[in-house]
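See below for the structure under consideration.
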């Protein structure tokens with residue numbers, strides 16, 4: 001039952017990232033990258049080609065039990081349709097009797113969140129650069145009629161050369177999904193998805209959700225990169241939501257500039273239609289023209305140098321008895337291979 005549900009769309013749609021005749025035995029497992037609610041992501045090297053991928057392994061039974069089949073199908077479908085330098089590429093998928101696998105572009109620089117956490121906030125030039133790259137990502141998503149709905153620093157990865165890549169489209173909505181609205185807008189479901197600190201007030205107030213939700217999240221990200229913490233964070237999820245609906249945040253005196261404060265303030269407008277960038281066409285020109293981005297060359301941003309960043313901790317190995325051996329990852333991979 002699970003497999004037929006997960007394969008339905010593949011029978012109906014052509015995919016650019018193919019399902020391939022691979023198994024977990026075709027890879028050297030180099031270490032764990034991270035874990036999601038229903039997945040484990042590990043760095044793997046394909047034995048035949050030597051190429052490295054971030055492989056997302058998802059247990060079919062867990063997916064079915066938690067009723068998240070649609071999230072998995074949607075992420076696979078959306079990623080296959082998107083083609084932008086700011087979005088981590090889906091290269092292939094494969095499966096075995098117990099697991100689904102997505103072979104993703106490996107981003108060696110790690111999470112933007114880790115850079116913010118380790119440095120307690122970023123230098124203003126780096127903040128401006130990363131915010132500008134997110135603007136380009138949102139510009140592309142709007143042209144593709146996609147709302148991400150979970151934009152946060154944990155879902156922004158740095159490539160080896162320091163440029164941003166957006167991941168995790170499980171919560172996203174797109175006009176090209178079956179039975180989706182075109183464009184995503186007034187009848188779009190407003191149920192809570194995403195992460196509490198970045199969720200927009202219209203979701204909490206049960207109002208229509210569309211592109212401005214991602215602009216709100218950009219405002220939260222901009223604040224967090226400067227200050228080192230999200231603008232809306234409290235002791236519980238309920239209190240966090242209350243701070244959001246009350247728009248209860250303020251900048252400390254330093255180090256934000258007047259332009260950064262103004263941009264944050266306009267992105268965090270309570271009324272979705274009032275957020276900067278919402279009233280523009282697909283190029284979101286109003287947002288790009290804000291004084292905070294005055295020194296940005298939008299044409300060369302992605303091809304030029306990126307800010308320096310702290311090297312991330314290498315993925316822990318699934319080794320052979322050495323200290324630091326990731327027993328859990330090794331067990332997961334061994335179980336998957338034994339099930340073939």
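The values are calculated or read from the model by the stated rules, or taken from the named source; none is laboratory data. Since we're looking at a predicted model, the values are computed, not measured. Cβ coordinates were reconstructed from backbone atoms using ideal geometry, including for glycine residues, and neighbour counts include every protein chain displayed.
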Screening 238, 223 for residues that are more than 19 Å from the chain's Cα centre (by Cα), assigned by TED's automatic domain parsing to the domain that holds residue 266 and either part of a helix (DSSP H, G or I) or surrounded by fewer than 23 Cβ atoms within 10 Å (Cβ to Cβ) (or both) leaves only 238
### Message
On the basis of being in contact with a helix residue (DSSP H, G or I) (Cβ under 7 Å, 6 or more places away or on another chain), in contact (Cβ under 8 Å) with a residue 24 or more places away in the chain and closer than 21 Å to residue 140 by Cα, does residue 77 make the cut?
### Response
yes
Only unsatisfied item for residue 229, checking (1) at pLDDT below 95; (2) in a loop (DSSP other than H, G, I, E, B), is (1)
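Listed here are the residues, each with its yes/no results for (1) surrounded by fewer than 20 Cβ atoms within 10 Å (Cβ to Cβ); (2) in contact with a helix residue (DSSP H, G or I) (Cβ under 9 Å, 6 or more places away or on another chain); (3) touching a residue at least 40 places away in the same chain (Cβ under 8 Å); (4) part of a loop (DSSP other than H, G, I, E, B).
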{"site": "141", "(1), (2), (3), (4)": "no, yes, yes, no"}
{"site": "154", "(1), (2), (3), (4)": "yes, yes, yes, no"}
{"site": "157", "(1), (2), (3), (4)": "no, yes, yes, no"}
{"site": "176", "(1), (2), (3), (4)": "yes, yes, yes, yes"}
Answer yes or no: is there a residue in region 62-71 that is in contact (Cβ under 8 Å) with a residue 12 or more places away in the chain, in contact with a strand residue (DSSP E or B) (Cβ under 7 Å, 6 or more places away or on another chain) and surrounded by 18 or more Cβ atoms within 10 Å (Cβ to Cβ). no
If we ask which residues in region 283-340 are at pLDDT below 95, in a loop (DSSP other than H, G, I, E, B) and closer than 30 Å to residue 215 by Cα, their number turns out to be 4
Criterion first (under 20 Å from residue 156 (Cα atoms), in the same structural domain as residue 132 (by TED's automatic domain parsing) and not in a loop (DSSP other than H, G, I, E, B)) does residue 244 satisfy it?
no
Within region 72-105, of all residues that are modelled with pLDDT of 95 or more and part of a loop (DSSP other than H, G, I, E, B), the one surrounded by the most Cβ atoms within 10 Å (Cβ to Cβ) is 88
The correct count of residues that are assigned to a loop (DSSP other than H, G, I, E, B) and surrounded by 15 or more Cβ atoms within 10 Å (Cβ to Cβ) in region 263-282 is 8
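Using the structure shown, decide if residue 129 is in contact (Cβ under 8 Å) with a residue 24 or more places away in the chain and assigned to a strand (DSSP E or B). Before the answer, list the steps.
Values: in contact (Cβ under 8 Å) with a residue 24 or more places away in the chain: yes; assigned to a strand (DSSP E or B): no.
So residue 129 fails the test.
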Requested in this report: Take residue 260 and decide whether it is in contact (Cβ under 8 Å) with a residue 40 or more places away in the chain, in the same structural domain as residue 198 (by TED's automatic domain parsing) and either farther than 22 Å from residue 206 by Cα or assigned to a loop (DSSP other than H, G, I, E, B) (or both).
Outcome: yes
